[in-house]
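Coordinate-derived values only; no laboratory data. This one's a predicted model, so the numbers in the text were calculated from it and none came from an experiment. Reconstructed Cβ throughout: ideal geometry from the backbone, glycine too, with neighbour counts over all protein chains shown.
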Amino acid sequence: MALERTFSIVKPDGVTRNLIGEVVRRLESAGLKVIGSRMVRLTKAEAEGFYAVHRERPFFNDLVRYMTSGPVVLQVLEGENAVAKNREVMGATDPKKAAAGTIRADLAESIEANTVHGSDSVENAKIEIAYFFKDGQVCPRG
Ligand code: CMP
């Protein structure tokens, strides 16, 4: 097993409905450690840059509008197989397709307001973490 880092966002619907603690509780219960965390309201430019790979998708403008509609919590998570573990705890992107007991099946409102984002690979996790966190803002706990 590999010690990995992944990147997580509690999206505006999760923050608005007071679910920050519930999301973090589920992630921590799965063995993931929060080693970086900050709350921000993303600018349009930040959201567009973060989701640049989806630029050509029909939902891109709505996604950017949604992700800038309220505060989010940006987090760096560390643990054994952190990327896969986080994805398992989150469930599928569409809450209607997410397995029972996952964050999105239990808490998400729609495919857009799906409560959490998580990196889909170790490579993208590195890119996403670097997009939002400087070295000094991450605190490995060993
Ligand atoms: P996320 O993991 O943050 O990555 C891209 C986001 O686009 C995704 O979660 C969804 O919340 C959002 N999205 C909105 N509509 C769609 C769609 N039709 N298909 C996939 N993702 C969508």
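Would you check which residues across the range 123-142 are in contact (Cβ under 8 Å) with a residue 12 or more places away in the chain and among the aliphatic types (A, V, I, L, M) and list them?
Passing the criteria: A125, I129, V138.
Answer yes or no: is there a residue in the range 15-38 that is touching a Pro at 6+ places or on another chain (Cβ under 6 Å), closer than 19 Å to V138 by Cα, buried (at least 18 other Cβ atoms within 10 Å of the Cβ) and touching a residue at least 12 places away in the same chain (Cβ under 8 Å).
yes
Residues are listed down the side, and each one gets a yes or a no for (1) over 18 Å from F50 (Cα atoms); (2) more than 13 Å from the chain's Cα centre (by Cα); (3) not basic (K, R):
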residue: V76; (1), (2), (3): no, no, yes
residue: E80; (1), (2), (3): yes, yes, yes
residue: K85; (1), (2), (3): yes, no, no
residue: G91; (1), (2), (3): yes, no, yes
residue: G101; (1), (2), (3): yes, yes, yes
residue: E109; (1), (2), (3): yes, yes, yes
residue: N114; (1), (2), (3): no, no, yes
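Which members of the range 49-68 meet the condition of being under 19 Å from I127 (Cα atoms) and outside any loop (DSSP other than H, G, I, E, B)?
Within the range 49-68, G49, F50, A52, V53, H54, V64, M67 qualify.
Could you give me the residue pairs with C-beta distances under 8 Å whose first residue belongs to the range 108-122 and is in contact (Cβ under 8 Å) with a residue 12 or more places away in the chain, whose second residue is small (G, A, S) and in a helix (DSSP H, G or I) wherever it lies, and which are 6+ apart or on separate chains?
From residues that are in contact (Cβ under 8 Å) with a residue 12 or more places away in the chain, the pairs are T115/G14; V116/G14; S119/A125.
Taking the conditions exactly as written (more than 13 Å from the ligand (Cβ to nearest atom), assigned to a helix (DSSP H, G or I), in contact (Cβ under 8 Å) with a residue 40 or more places away in the chain and more than 22 Å from E46 (Cβ to Cβ)), does K85 satisfy them or not?
Answer is yes for this residue.
From G91, G101, G118, which residue is on the phi > 0 side of the Ramachandran plot and crowded, with 21+ Cβ neighbours inside 10 Å?
Answer to the selection: G91.
Looking at A105 and the list (1) part of a loop (DSSP other than H, G, I, E, B); (2) without any contact (Cβ under 8 Å) to a residue 40 or more places away in the chain; (3) aliphatic (A, V, I, L, M), which single condition is not satisfied?
With respect to (1) part of a loop (DSSP other than H, G, I, E, B); (2) without any contact (Cβ under 8 Å) to a residue 40 or more places away in the chain; (3) aliphatic (A, V, I, L, M), A105 is out only on (1).
Could you please find all residues in the range 53-71 being surrounded by 13 or more Cβ atoms within 10 Å (Cβ to Cβ) and either without any contact (Cβ under 8 Å) to a residue 40 or more places away in the chain or within 11 Å of the ligand (Cβ to nearest atom) (or both)?
H54, F60, L63, V64, Y66, M67, T68
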